[in-house]
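What follows is a short report on a single structure.
Read the figures in this text as sums done on the coordinates, not as results from a lab. On a predicted model such as this, the values are computed, not experimentally measured, just so you know. Methodologically, a virtual Cβ is constructed for each residue, glycine included, from the backbone with ideal geometry; neighbour enumeration extends over all protein chains shown.
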Amino acid sequence: MLLALRFFSFNDIFLVPICLLLLYAIVRNRAERPQNAALKKIYYRGFYYKVLFVFAYTIITEFVFKGGDTDCITRQ
């Protein structure tokens, strides 16, 4: 738990789930419009892959590269 407190702020912990739910609601609304069931499946899979890879990119940027390129001046 202490590791999570080191990397995440109060806003991160509470705003990320709210934003994910909002994005999911938008994707769900868009996915229900087409009549083709395969297209609905693609909407959901595309959303899940995007969310998964955003988290993967964030973890790699933080733990492997020790932050983004704009953060390198303050970490010296």
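Evaluated on the stretch 15-71, the Kirkwood hydrodynamic radius is 13.0 Å, with distances taken between all distinct Cα atoms. Choose one of PHE53, ILE42, LEU21: the residue whose Cα lies farthest towards the positive end of the charge dipole of the stretch 15-71 (beta-carbon charges +1 Lys, Arg; -1 Asp, Glu; about the Cα centre). Most positive-ward Cα: ILE42.
Bridgeable lysines around LYS50 (alpha carbons under 20 Å apart, same-chain partners fewer than 8 residues away excluded): LYS40, LYS41. Between ILE42 and PHE14, the contour length at 0.36 nm per residue exceeds the Cα-Cα span by 7.2 nm.
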